[in-house]
Each structure stands twice: as structure tokens, then as C-alpha cells.
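The structure under discussion appears below in the form of C-alpha cells.
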Amino acid sequence: MAIFNSSRAFLVTAFVAATTAGNGWVQTQDASAVYVPGATSVAVLPVVNVSGEPDPNFKAGQIKAVSDQLRKEFATRGFKVLDDKIITDAVTTSKIDLTDEEQHSRKMVITVGASVKADLAVFVVINKVYTKSNEHFFTSDKEGHAKITIWLVDVKQQKPLLSAKSQESKQGSAEFFANSVKGSEQIFAACSSAVKAALAVPLKPYAVAKEKGSQ
């Protein structure tokens, strides 16, 4: 039997929890909570980059890659992604300093989400980025690597779906000329890929909407 409310359907199913203490994260999935995307609002908090990237343009590009991918993952599945300005205003009003790593917590994400009346809230920190090149006789394999930490919480239930989950990803290419692909582009792609991989489990039940005209 299913009981529905404005943002989720509760089904009589099992509760599944997985905890990995080794890398300091907890991932919890409540199979009984199924969200209705069109009636579920999502607050995407400003992305924080603590990777140590010295180039301000590259650093901003990494932030944009993560932020854009976060919004895409939810929006293409029909979730209502709240406007960025609403979120940044809420962070300011709540006197939260996102540059303070001690404030990076589930509680902070819930606080911001609650202040904008969101159903879900997501926050990502970019921890590490780097490139790796493998030179061959005719080609050069260049890889961009990115490591992020992500929180995804049910604001109203005050329940974590992802809590400080660490996710690493890499993006590579083989080119005939080593300088034909910029390492920054591979890092941007790796940042996006890390977000997609981290959200794969909690968003698995929700299909990506097909674009108009696609079969």
C-alpha cells in the first residue's frame, strides 16, 4: 500500500544502510522514501573549491563544472532546482562561512535547505585536482583527476542520503600531439564525472527526461 504527500511516496519496503568508516563517509539510502520530482525542490549550495588550484580562472572553471553538473543531474530528472541567488542569500542571512571547513557538515546543509524551504539540499567541496600525462611514441595520454566530498540531505526529514561521501573520478584522452588537449579541460570533465558518479545511487530510481524530438 502506498501513501502519498506533496513531495514523496512512502512504500512498504526495506531500509538499506551502508556505512564505510575507512574513508570517513556514510551513505544512507531509505528505499521507503520515493520522491516525486515535479513536487520536490532542490537547493544546490555554492560549490567550495579547496583543491589548492593556483589559477583563479581554472579554479572558477572547476566550480562551474561541478555546479552545472549538480543542477543538470536534478533538473533533467524533473526536480525543481531553486535559483542560485535564493541559496546564496540564505547562506549570507544564516551567517554561514562556506570557506570555513569546520562548517562543512550535514547540519549546515540542512540549515540552508530549511531556510529556503527546500525538500532536498546538496553541497559539494572540491578537495583535489591534478593532471597526469603518459607519454608514448606517437601519442600522449593525458588524464584529469578530481576528488570531491558531497552531502545530499532530505531537509524536512533531516536525514542524509549522502553524508560527506568522498568520490574520485578521472577523465582522459589519447592525442597525437601532447599539447592538443589542455589539462584544465580534462579536470573540468573529471569534476563533472565525479558529481555524476556520486549521485548515481540516490538518483537511480529517477529517469532522465528525453529531449523533445528524441526517440
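The values are calculated or read from the model by the stated rules, or taken from the named source; none is laboratory data. The structure presented is a predicted model; accordingly, all values stated were derived computationally and were not measured. All Cβ positions, even for glycine, are placed from backbone atoms using ideal geometry, and neighbour counts span all protein chains on display.
Sub-9 Å Cβ pairs linking a first residue in region 145-168 that is farther than 15 Å from ALA197 by Cβ and surrounded by fewer than 18 Cβ atoms within 10 Å (Cβ to Cβ) to a second residue that is of a type in the set (Asp, Glu) and modelled with pLDDT of 95 or more, at least 6 apart or interchain, are LYS156/ASP119, ordered by first then second residue. As a summary of the residue check, ASN49 satisfies the conditions (1) under 16 Å from the mean Cα position of the chain (by Cα); (2) polar (S, T, N, Q); (3) modelled with pLDDT under 95 except for the one numbered (3). Scanning region 102-120 for residues that are hydrophobic (A, V, I, L, M, F, W, C) and either within 15 Å of SER163 (Cβ to Cβ) or in a helix (DSSP H, G or I) (or both) returns MET108, VAL109, ILE110, VAL112, ALA114, LEU120. Look at (1) among the hydroxyl-bearing types (Ser, Thr, Tyr); (2) at pLDDT 95 or above; (3) closer than 23 Å to ASN49 by Cα and you find that SER115 fails only one, number (3). Residues in region 51-97 that are closer than 26 Å to GLN186 by Cα, surrounded by 14 or more Cβ atoms within 10 Å (Cβ to Cβ) and among the aliphatic types (A, V, I, L, M): ILE63, ALA65, VAL66, LEU70, ALA75.
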